[in-house]
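Below you'll find the structure, written out as structure tokens, and then a few comments.
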Amino acid sequence: MSTFFNILLRKGINIVKKADIGLIGLAVMGENLVLNMESKGFTVAVHNRTTSRVQDLLEGRGRGKNIIGAFTLDELAASLKTPRIVMLMVKAGQPVDSFIDKLLDVLEPGDIIIDGGNSLYTDTIRRTRLVESKGLLYVGAGVSGGEEGALHGPSIMPGGSSSAWPIVKPILQSIAAHVDGSPCCQWIGPDGSGHYVKMVHNGIEYADMQMIGEAYFLMKNALGMSALEMQETFSCWNKGELDSYLIEITAHILGKIDEDTGKPLLEVIQDVAGQKGTGKWTSQESLDLGVAAPTIAEAVFARIISGAQKQRYLAVEAFPQLSTAPLTDKSAFLDGIRDALYASKICAYAQGFDILRHASLEYDWDLDLGEIAKLWQGGCIIRAQFLQNITDAYNKNPDLPNLLLAPYFQGVLDKSQQNWRRVVAAAVERGLPVPGFSSALAYFDSLRHPQLWTNLVQAQRDYFGAHTYGRTDREGSFHTEWQLPGNVGKSDEV
Ligand code: 6PG
């Protein structure tokens, strides 16, 4: 059927059946989204810059399905119902701009362009303005869940031109994952907010992966556990409060044996982590907003350090490994790692949600944090049982200043902090780096300690730069002539 329509279209013959949505970009994510949409009863028109991929889809996975191949953008526009909806699943950056420019020539006012890639939110703000200025509508939609999610139900975070939402909602919600009957896709807010929320999702994803990596690293290096033992442990943890997609795949990964060597496959994988930039963007954004997100940033730095192979090699040569006393109670230490992982994970999510809370105020987006936690419960990479506790916390108190202060999380941290400290101390003593666990612990302690060292920092700043300081006993800004002789310092109000 699809080929028939293609022939008609190419001959300029008007066809009766038009597509509900067009999708550009037939790499695996795009192709899987097309198949997902088609399986939900939508007819999808497809286009790809390298047009042979269109043919490949029509003759391969899309054979006999309600998919219309479009070999040019004119064909794509002609094959769509109006208002036309075109979703871009192309590489973030210049390719998105280039397709928008071309689409503006073939689409009409009222039509909708959706960008489903990992675009930088500021680009999405700019593009929304451009597309709206031409009378069309623009949606920047974060899509999470990888290839499998795209096929079976991702989590979708759409934002941009709000009048596009009622039109795209039936398609996006029906292809999204569902949890307890609710779609993991809700309108996030104006301009770049959808991509922003996806960016923070990825920042949390970096931290989550980092801390699971540290748990594995301690099991292996402090407890000497085999891959099989670790697999069993992660599978068991996945039945409790740590129940999540990332823990589940970690157990699967630990169980895979390398075909060539017969060793666990993980052992033959280089310890150098790649990145495409969304974790870095989240960290940069936290700095710009003045929100502390050290655990997310540590996860980015940890990937960077892993790639500094020459420095690492030289340091391994320069500094001998530490020899320390073996751990006596292995099972207690393993419980400690679990507690450290859960507590650190809570801190990383608290940091991510704090970024969202501040961004919502700064950009006037009115983000619904409880709803965001809800749509992350299914389909996306950080889906986890405990996101329900986050939803509950924000439903109870939408103005919660920090997630750690919600009674549920307060209880968990109270219960786990002793083990968390023990694990971090034991790791430090053994020269085993745990940047995620330890930075999360420092974040927690910095928040909870009644008096920090920053009075000294303020005094130093005032000493060398007359930057002034506040006093604990009076309002105002003060300066001291620190270098005057004598031990008595005078606070001058400035
Ligand atoms: C998702 C993932 C997805 C992608 C990451 C990988 O939510 O489906 O986050 O967006 O896999 O961008 O990011 P890195 O290559 O930076 O690890």
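If you go through the range 430-460 one residue at a time, how many are of a type in the set (Gly, Ala, Ser) and in contact with a Ser or Thr (Cβ under 7 Å, 6 or more places away or on another chain)? Talk me through it step by step, then tell me what you get.
The first filter runs over the range 430-460 and keeps only residues of a type in the set (Gly, Ala, Ser), leaving 431, 436, 438-440, 442, 446, 459.
From what is left, the residues that are in contact with a Ser or Thr (Cβ under 7 Å, 6 or more places away or on another chain) are 436, 439-440.
Within the range 430-460, residues that are of a type in the set (Gly, Ala, Ser) and in contact with a Ser or Thr (Cβ under 7 Å, 6 or more places away or on another chain) number 3.
For Ala297, which of the numbered conditions (1) within 16 Å of the ligand (Cβ to nearest atom); (2) loosely packed, with under 11 Cβ neighbours inside 10 Å; (3) in a helix (DSSP H, G or I) fails to hold?
(2)
Going by what's in this entry, would Asp288 be described as on the phi > 0 side of the Ramachandran plot and surrounded by fewer than 23 Cβ atoms within 10 Å (Cβ to Cβ)?
no
With the condition kept exactly as written, say whether any residue in the range 138-156 is touching a strand residue (DSSP E or B) at 6+ places or on another chain (Cβ under 6 Å), at pLDDT 95 or above and either among the acidic types (Asp, Glu) or more than 29 Å from Glu205 (Cα to Cα) (or both).
No, the range 138-156 has no match at all.
Residues being open to solvent by 10 Å² or more (accessible area, probe 1.4 Å) and within 16 Å of the ligand (Cβ to nearest atom): count how many of those fall in the range 118-142.
Number of matching residues: 4.
Please go through the range 248-289 and give me each residue that is touching a residue at least 60 places away in the same chain (Cβ under 8 Å) and away from the ligand (no atom under 14 Å from the Cβ), ordered by number.
Result: Glu285, Ser286, Leu289.
Given the criteria within 16 Å of the ligand (Cβ to nearest atom) and either open to solvent by 90 Å² or more (accessible area, probe 1.4 Å) or under 20 Å from Trp420 (Cα atoms) (or both), does Phe333 qualify? Let's see the steps before the verdict.
Details: within 16 Å of the ligand (Cβ to nearest atom): no; either open to solvent by 90 Å² or more (accessible area, probe 1.4 Å) or under 20 Å from Trp420 (Cα atoms) (or both): yes.
It is false that Phe333 is within 16 Å of the ligand (Cβ to nearest atom) and either open to solvent by 90 Å² or more (accessible area, probe 1.4 Å) or under 20 Å from Trp420 (Cα atoms) (or both).
For the structure I just gave you, tell me whether Ala343 is of a type in the set (A, V, I, L, M) and either open to solvent by 100 Å² or more (accessible area, probe 1.4 Å) or at pLDDT 95 or above (or both).
It is true that Ala343 is of a type in the set (A, V, I, L, M) and either open to solvent by 100 Å² or more (accessible area, probe 1.4 Å) or at pLDDT 95 or above (or both).
Under 6 Å between Cβ atoms, at least 6 apart or on separate chains: pull out the pairs that start in the range 420-434 with a residue that is over 13 Å from Phe217 (Cα atoms) and end on any residue that is among the charged types (D, E, K, R) and open to solvent by less than 40 Å² (accessible area, probe 1.4 Å).
Trp420/Asp339
Restricting to the range 205-238, name every residue that is among the charged types (D, E, K, R) and over 21 Å from Trp376 (Cβ atoms).
First, the residues of the range 205-238 that are among the charged types (D, E, K, R): 205, 208, 214, 220, 229, 232.
Selection gives Glu214, Lys220, Glu229, Glu232.
Taking the range 387-424, which residues are in a helix (DSSP H, G or I) and either small (Gly, Ala, Ser) or not assigned by TED's automatic domain parsing to the domain that holds Ser360 (or both)?
Result: Ala393, Gly411, Ser416.
Give the residues of the range 236-246 that are more than 16 Å from the ligand (Cβ to nearest atom) and surrounded by 11 or more Cβ atoms within 10 Å (Cβ to Cβ), sorted by residue number.
Cys236, Trp237, Asn238, Gly240, Glu241, Leu242, Asp243
Give me a count of the residues in the range 150-189 that are open to solvent by 10 Å² or more (accessible area, probe 1.4 Å) and either within 11 Å of the ligand (Cβ to nearest atom) or hydroxyl-bearing (Ser, Thr, Tyr) (or both).
Summing the residues that are open to solvent by 10 Å² or more (accessible area, probe 1.4 Å) and either within 11 Å of the ligand (Cβ to nearest atom) or hydroxyl-bearing (Ser, Thr, Tyr) (or both) in the range 150-189 gives 4.
From the set of residues in the range 190-235 that are open to solvent by 10 Å² or more (accessible area, probe 1.4 Å) and among the small types (Gly, Ala, Ser), which is farthest from the ligand (Cβ to nearest atom)?
Gly224
Scan the range 329-342 and give yes if some residue there is of a type in the set (S, T, N, Q), outside any helix (DSSP H, G or I) and over 29 Å from Ser446 (Cα atoms), otherwise no. Lay out the reasoning, then the answer.
Residues of the range 329-342 of a type in the set (S, T, N, Q): 331.
With the extra rule that they be outside any helix (DSSP H, G or I), the set shrinks to none.
No, the range 329-342 has no match at all.
Within the range 447-494, track down each residue that is under 30 Å from Ser344 (Cα atoms) and aromatic (Phe, Trp, Tyr).
Of everything in the range 447-494, just one residue is under 30 Å from Ser344 (Cα atoms) and aromatic (Phe, Trp, Tyr), namely Trp453.
Condition check: among the small types (Gly, Ala, Ser) and either open to solvent by 60 Å² or more (accessible area, probe 1.4 Å) or more than 25 Å from the chain's Cα centre (by Cα) (or both). Does Gly436 satisfy that?
In short, no.
Kindly establish whether Asp105 is assigned by TED's automatic domain parsing to the domain that holds Ala45, out of contact with any helix residue (DSSP H, G or I) (no Cβ under 6 Å at 6 or more places or on another chain), surrounded by 14 or more Cβ atoms within 10 Å (Cβ to Cβ) and farther than 28 Å from Lys198 by Cα.
Criteria not met by Asp105.
Which one is nearest to the ligand (Cβ to nearest atom), of the residues in the range 365-381 that are open to solvent by 40 Å² or more (accessible area, probe 1.4 Å) and closer than 18 Å to Ala393 by Cβ?
Of everything passing the filter in the range 365-381, Lys374 is nearest to the ligand (Cβ to nearest atom).
So if I check each of Ala427, Ala459, Ala466, which one is aliphatic (A, V, I, L, M) and in the same structural domain as Asp354 (by TED's automatic domain parsing)? Spell out how you get there, then give the answer.
On the way: Ala459 fails: in the same structural domain as Asp354 (by TED's automatic domain parsing); Ala466 fails: in the same structural domain as Asp354 (by TED's automatic domain parsing).
Result of the check over Ala427, Ala459, Ala466: Ala427.
Looking at the range 18-131, what helices (runs of 4 or more DSSP H) fall wholly within it and have at least 2 residues that are under 23 Å from Gly146 (Cβ atoms)?
Answer list for the range 18-131: 28-39, 52-59, 94-106.
Name, by its number, the condition in (1) buried (at least 22 other Cβ atoms within 10 Å of the Cβ); (2) in the same structural domain as Pro435 (by TED's automatic domain parsing); (3) not polar (S, T, N, Q) that does not hold for Asp260.
It is condition (1) that Asp260 fails.
The values are calculated or read from the model by the stated rules, or taken from the named source; none is laboratory data. Owing to the predicted nature of the structure, the values given are computational and were not obtained by experimental measurement. Neighbour counts are summed over all protein chains in view; Cβ atoms, including those assigned to glycine, are modelled from backbone coordinates with ideal geometry. Areas reflect the complete protein model, heavy atoms only, side chains present, ligands, DNA and RNA absent. Shrake-Rupley method; radii C 1.70, N 1.55, O 1.52, S 1.80 Å.
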